[in-house]
1. For Glu222, only one of the following conditions fails: (1) open to solvent by less than 10 Å² (accessible area, probe 1.4 Å); (2) at pLDDT 95 or above. What is its number?
2. Tally up the residues in the stretch 50-98 that are open to solvent by 10 Å² or more (accessible area, probe 1.4 Å), acidic (Asp, Glu) and under 22 Å from Tyr157 (Cα atoms), please.
3. Is the stretch 20-34 home to any residue that is touching a Ser or Thr at 6+ places or on another chain (Cβ under 7 Å), within 29 Å of His166 (Cβ to Cβ) and free of Cβ contacts under 8 Å to residues at least 40 places away in the same chain?
4. Run down Ile138, Ile134 and say which single residue is assigned to a helix (DSSP H, G or I), in contact with a helix residue (DSSP H, G or I) (Cβ under 7 Å, 6 or more places away or on another chain) and within 16 Å of the ligand (Cβ to nearest atom).
5. Using the structure shown, decide if Ile230 is part of a helix (DSSP H, G or I), of a type in the set (Val, Ile, Thr) and open to solvent by 10 Å² or more (accessible area, probe 1.4 Å).
6. So, in the stretch 2-24, of the ones that are over 22 Å from Pro218 (Cβ atoms) and of a type in the set (Ser, Thr, Tyr), which residue ends up most open to solvent (accessible area, probe 1.4 Å)?
7. Of the numbered conditions (1) touching a strand residue (DSSP E or B) at 6+ places or on another chain (Cβ under 8 Å); (2) closer than 29 Å to Ala102 by Cα; (3) open to solvent by less than 10 Å² (accessible area, probe 1.4 Å), Ser210 fails exactly one; give the number of that condition.
8. Could you tell me which residue of the stretch 38-93 is farthest from the ligand (Cβ to nearest atom), considering only residues that are in contact with a Cys (Cβ under 8 Å, 6 or more places away or on another chain) and of a type outside the set (A, V, I, L, M, F, W, C)?
Amino acid sequence: MNSSDIQAALAAAHAKYASCTAGANASYIPELAKVPSTLFGIAAVTTAGETISVGDAETPFAIESISKAFNLALVMDQIGAPALREKVGADPTGEPFNSVLAIVAHGGRPLNPLVNAGAMATVSLVAGENSNAIWANIMQRLAAFAGHPLKINDDVYASESATNSHNKGIAWLLDSAGYFYNQPDMIVDLYTRMCSLNVTTKDLAVMGASYANGGVNPITGERTVQRENIAEILAELTMSGLYDSTGDWLYRTGLPAKSGVGGGIVVVVPNKMAIAAFSPPLDKYGNSVRAENALIDIIETLGLNPLKS
Ligand code: GLU
């Protein structure tokens, strides 16, 4: 497969799904409802550092839950995969990403670092003696993945901060069960800021490419995650990366991925590339309809499903 094959697959998927009107922008974070629904970008970054893109691949949007997949590297490197599994977990919840029922049904455990509960518990494990120090660590790691510093989308941050009482409730519930590792209100604020960072579709592909490339950003050459933690991180993405439709996604692609309610999805193809897509309208699970369909087509066209012989 060469770069013109990848370019052709990206262009074909973009052309096919640009006119798809299914889904709706996330509205529980009011600011996300205002993003133009027609935006649609796709980008791939290979382990050789080649970038291929089509459509609105340089338009910034809120990273939202996709940040969970990269903050996870910071905490895995800090405490190791066995400790992360014990303190947060490595099992799908079978429930929506912000489910309280899932926590209560499992003795207060968050179950995995990709649902809101587990992601906030993971942020609560980031080293740092105060909010500023923790935030600096998160920003530094995410910048290493992207290859440049990421900026907060102030409107999304304000909008989400004004409407995140459900997440605060989850954090306090975990705290009461002994599965939160720092002050809940401070951590929810840092988590909300992290979700409000702007990325482009190209940024997401660069970020995912480290996981395809043994833990080294193929554009900058910087190590972003210890190699020994990648398999466990990708296992978490494989189990829970696309909310409670991860099983359907895996059935069709065989690959680890992570979506966010901002409309982005990034998929990691180990030892080959990462591919990202972005379009705001979401299905009922919270996954971008255009992005998911386009990625499924591209994976099929390029023969990237590792479970197929
Ligand atoms: N910040 C969002 C929340 O906590 C992230 C949700 C997502 O993208 O799944 O609700």
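The values are calculated or read from the model by the stated rules, or taken from the named source; none is laboratory data. Keep in mind that this is a model prediction, so the values were computed, not measured. FYI the Cβ positions are ideal-geometry reconstructions off the backbone, even for glycines, and counts take in every protein chain you see. Remember, those area values only see protein heavy atoms, side chains included, never the ligands or the DNA or RNA. Shrake-Rupley method; radii C 1.70, N 1.55, O 1.52, S 1.80 Å.
1. Single failed check for Glu222: (1).
2. Qualifying residue count for the region: 1.
3. Among the residues of the stretch 20-34, at least one is touching a Ser or Thr at 6+ places or on another chain (Cβ under 7 Å), within 29 Å of His166 (Cβ to Cβ) and free of Cβ contacts under 8 Å to residues at least 40 places away in the same chain, which makes the answer yes.
4. On the way: Ile134 fails: within 16 Å of the ligand (Cβ to nearest atom).
Exactly one of Ile138, Ile134 is assigned to a helix (DSSP H, G or I), in contact with a helix residue (DSSP H, G or I) (Cβ under 7 Å, 6 or more places away or on another chain) and within 16 Å of the ligand (Cβ to nearest atom), namely Ile138.
5. Values: part of a helix (DSSP H, G or I): yes; of a type in the set (Val, Ile, Thr): yes; open to solvent by 10 Å² or more (accessible area, probe 1.4 Å): yes.
Here the answer is yes, as Ile230 does meet what is asked.
6. Among those residues, the one meeting the criterion is Thr21.
7. Unmet condition: (2).
8. Filtering first and then ranking leaves Ser67.
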